[in-house]
Amino acid sequence: MSSASPSSEERPTPHALIVDDHSGTLSSLAELVERHGFSTSRAGSLADARVQLKERSPDVVLLDLHLPDGEGMNLLDDLDPASSPAVVLITGQASLDSAVDALRRGVSDYLTKPLDFDRLRVILGEVSQNQGLKKEIGDLRSALSERRAFGELVGIDARMREVYDHISRVSPTNATVLITGESGTGKDVAARTIHAYSRRRRGPFVALNCGAISPTLIETEIFGHERGSFTGADRRHRGVFERATRGTLFLDEVTEMPLDLQVKLLRVLETGSFTRIGGEESISIDVRFLASTNRKPEDAVRDGRLREDLYYRLKVFQLAMPPLRERKGDIGVLAEHFLEQIASSEGTVKRLTPEALDALSMYSWPGNVRELKNSVYSAYILAGDEITPEALPAEVKGGGAPDSVVEHAIRVNVGMTMAEVERRLIVATLSHFDGSKAKTASMLGISLKTLYNRLQQYRQQA
Ligand SMILES: Nc1ncnc2c1ncn2[C@@H]1O[C@H](COP(=O)(O)OP(=O)(O)OP(=O)(O)O)[C@@H](O)[C@H]1O
Ligand SMILES: [Mg+2]
């Protein structure tokens, strides 16, 4: 390169440690890696590898699964957590089990023999681009216990610090993450944060809301189609697998995806390739998958909404976003954060009185952070210079449901399913607000999208 940017001048030569007992593989790998501008050290056994690690800490380790003196994975314990090299496992048999287990234990990627050199080139490119990322994550991790925020996520409660810890560990890997949690707990924000701290952060982040797209359109949205594959397909359409290439694909509300499509998705996850609708060509994907659901995944499996095999494939790593009522310590910090955001867009600073803060802390927040954000916003609009409890929504200052809603009580019997209780509450609230979906969603503390999904379901079941 003729004009080096300051950051590339500072960047040292990346270093790779290659561990394989087959000398032919070892030297061909080393040559390829060196051609990519890496320096290399080589080892034929675990013992050799440990010696090499003491000499120099690598940016990437290419690690054979089986070595003469033990399993390659044993080396993971010897790696310096501060420098956290990318570990690429090289395995003879395409055994998904050992690869998935390896991803859980911190391996970034795996390659099966015979080696796909193109894929390896992509990985090496990512490693050399992301030397800065390692340091950034290392710095983030060391300050985790004092952090008020991580990416776009705000919160100081121990439960959130645990979330930050998990995100910092899983982000730099290629592992699929299933993000669970009630509506409004920050699953979208968590997904974006994982992408922002991943090796793919310079690539696209594509979110597909599986609940908001009609079942007839979702298949083309995912797979894309060839020209002329059906009436109206007048040109080729790139689906999300293609649009998310070298980036992250977020399958939001994955339990709302039609079951036949879940089968097809599973096949893509397992084979790493797909074909466009109406096409013949098999296209390899280069995508990291994240998925979310606001249902309990085990319940969704039991109710037949989520295929069990897909569930196991998605939850290589499960990230649970805790409800706000279980991290009350975050209420004040979040409220202040939202007030700052509003002040910077509206221009006027307004503060919460201690009494208003108490009221916020006493409420149970069924709609989680989204409900808090909306309440703070409406209080800001209603209040003068200071936000007193009077400016807060009725249900918040009352510490429970407002009287007008209690008048419209619903009947709940022991023996009912949660789904039925939920249905009754939604229908009653909707009727209380004369059919206003916006008011209903806001009162129930769920997103409009979730409300639409539920109503659509009820119509289908009727
Ligand atoms: N920890 C957080 N810090 C700052 N903002 C947050 C946090 N958690 C959630 N939010 C904000 O709250 C709102 C709801 O969050 P988000 O959309 O991520 O929830 P969700 O879990 O995906 O909900 P749903 O299941 O309804 O899709 C967003 O405006 C988001 O920016
Ligand atoms: Mg969401």
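Coordinate-derived values only; no laboratory data. Predicted, not measured: the structure shown is a model, and the values here were computed from it. Cβ sites come from the backbone with ideal geometry, for glycine too, and all protein chains shown count toward neighbours.
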Q. How large is ³J(HN,Hα) for each residue in the stretch 417-426, as worked out from phi by the Karplus curve 6.51 cos²θ - 1.76 cosθ + 1.60 (θ = phi - 60°), to whole Hz, x for Gly and Pro?
A. 7, 4, 4, 5, 4, 4, 4, 4, 5, 5
Q | HN-Hα J in Hz across the stretch 68-75 - Karplus 6.51, -1.76, 1.60, θ = phi - 60°, x for Gly and Pro | A | x, 9, x, 7, x, 4, 4, 5
Q | residue 358-residue 149 FRET efficiency (beta carbon distance; Förster radius 22 Å; 0.05 resolution) | A | 0.40
Q | Nonlocal amide H pairs with residue 111, under 5 Å, H built at 1.01 Å | A | 89, 90, 91
Q: Give the peptides 436-443, 85-92, 118-125, 214-221 in descending order of average Cβ contacts within 10 Å, highest first.
A: 85-92, 436-443, 118-125, 214-221
(Q) Need one number: % antiparallel among DSSP beta bridges in the chain, to the nearest 5. (A) 15 percent
Q.
Between residue 231 and residue 74, what is the label-point separation in nm under the 7 Å Cα-to-beta-carbon projection?
A. 6.6 nm
Q.
What does the net charge come to around residue 241 if you take all other residues with beta carbon closer than 15 Å to its beta carbon, with K and R at +1 and D and E at -1?
A. +2
Q | Long-range amide H partners of residue 207 with built H, under 5 Å | A | 250
Q. Using modelled amide H (1.01 Å from N, peptide plane; none on Pro or chain starts), what sits under 5 Å from the amide H of residue 40, excluding residues fewer than 5 places away?
A. 16
Q | the chain: relative contact order as a whole-number percent, Cα under 8 Å and 6+ apart | A | 11 percent
Q | When each of 113/315; 113/187; 296/350; 113/135; 296/437 is checked by Cα-Cα distance, pairs over 27 Å | A | 113/187; 296/350; 113/135
Q: For the stretch 233-275, just say rounded, prolate or oblate: build the C-alpha gyration tensor, square-root its eigenvalues into a ≥ b ≥ c, call rounded for a/c under 1.5, and beyond that prolate if a/b exceeds b/c, oblate if not.
A: rounded
Q: Largest first and in whole Å, give the semi-axes of the chain's equivalent ellipsoid, each being the square root of 5 times a Cα gyration tensor eigenvalue.
A: 45, 28, 20
Q) By the scheme Lys and Arg +1, Asp and Glu -1, what is the net charge of all other residues having a beta-carbon under 11 Å from that of residue 353? A) -3
Q. Where does the chain land at 222 nm, in deg cm²/dmol rounded to the nearest 500, when only DSSP H runs of n ≥ 4 count, each adding -39500 (n - 2.57), divided by all residues?
A. -13500 deg cm²/dmol
(Q) With unit charges on the beta carbons (Lys and Arg positive, Asp and Glu negative) and the dipole taken about the Cα centre of the chain, which residue among 381, 158, 398 sits farthest to the positive side? (A) 381
Q) Got a sec to turn the phi values of the stretch 350-358 into Karplus ³J(HN,Hα) couplings, 6.51 cos²θ - 1.76 cosθ + 1.60 with θ = phi - 60°, whole Hz, x for Gly and Pro? A) 10, 10, 7, 6, x, 5, 5, 4, 4
